[in-house]
């Protein structure tokens, strides 16, 4: 069996509140559920994929990857998804991406990993201009205990947890549109190609 070095975690556990509380990853986009585009772009970059989802587990399981729900009830945010990904990952590195970014970079993991290893960081995060994209990250599985403790203390803010780690910010100014995420039905419609 091949060695698993990098586990990819697709974060699909949110409430989709800006889209009318629908399950965003399952919304149709260019003929397929949005999460299908994300998985297709992430799969060649990692050795296994986990899908973090708190609803519609059977629907997500159809994509052929293990589905894991948050351990913390009540849609606790992306860190709850990070924690489950770290807990279930077979790889020593864990990459996370959101389910609503169908154009994510094809070289995301390679560039994050190069920076992580170069400066021996705990976590590498994508950045365009002055804007960090905290859910596009690559972290060492060894940060799991730190995150579990942070969440157990009632903390939920991603920036506060990052502040406790050695973080490498990785510029992706050459592909800023790759981080476009689709939050509303209007954005979804706008990004659909015009009908022929």
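Can you give me the distance in nm between label points at residue 159 and residue 56, each placed 7 Å from the Cα along the Cα-to-Cβ direction?
3.1 nm
Order these by the 10 Å Cβ neighbour count, fewest first: 157, 127, 24.
157, 127, 24
Considering Cα pairs under 8 angstrom that are at least six residues apart, work out the relative contact order of segment 1-113 and quote it in whole percent. Let's see the in-between values first.
Details: 200 pairs, mean separation 45.6, N = 113.
The normalised contact order for segment 1-113 reaches 40 percent.
Can you tell me the alpha carbon radius of gyration of the chain divided by the globular rule-of-thumb value 2.2 N^0.38 Å?
Details: Rg = 15.9 Å, N = 196, 2.2 N^0.38 = 16.3 Å.
Normalised Cα radius of gyration, the chain: 0.97.
For the chain, what is the mean residue ellipticity at 222 nm derived from helices alone (per DSSP H run of n ≥ 4: -39500 (n - 2.57); sum divided by total residues; nearest 500 deg cm²/dmol)? Could you put the intermediate results ahead of the total?
Values: 7 runs with 58 residues, N = 196.
Calculated from helices alone, the mean residue ellipticity at 222 nm is -8000 deg cm²/dmol.
Please report 137, 99 as a ranked list, fewest other C-beta atoms within 10 angstrom at the top and most at the bottom.
Details: 137 26, 99 30.
So the residues, fewest neighbours to most, are 137, 99.
Starting from 0.36 nm per residue, how many nanometres of slack lie between residue 187 and residue 122 once their C-alpha separation is accounted for?
Numbers: separation 65, 0.36 × 65 = 23.40 nm, distance 3.39 nm.
Value of the extension gain: 20.0 nm.
Rounded, prolate or oblate: pick one for segment 97-196, where a ≥ b ≥ c are the square roots of the eigenvalues of its C-alpha gyration tensor, a/c under 1.5 means rounded, and failing that, prolate if a/b is larger than b/c, else oblate. Spell out each step's value before the answer.
Working: a/c = 2.70, a/b = 1.59, b/c = 1.70.
It is oblate, given that a/c is not under 1.5 and a/b is not larger than b/c.
Give me 128, 3 sorted ascending by neighbouring Cβ count inside 10 Å, so fewest comes first.
Working: 128 17, 3 8.
The most exposed by this proxy come first: 3, 128.
Send over the Kirkwood Rh of segment 1-113, from the inverse of the averaged 1/r over different Cα pairs, rounded to one decimal Å. Working shown, then result.
Working: mean 1/r = 0.0713 Å⁻¹.
Across segment 1-113, the inverse of the average 1/r is 14.0 Å.
Only the coordinates and a few stated rules stand behind these numbers; no lab work does. Note that this is a predicted model, so its numbers are computed, not measured. In this analysis, Cβ positions are derived from the backbone assuming ideal geometry, glycine residues included, and neighbour counts consider all displayed protein chains.
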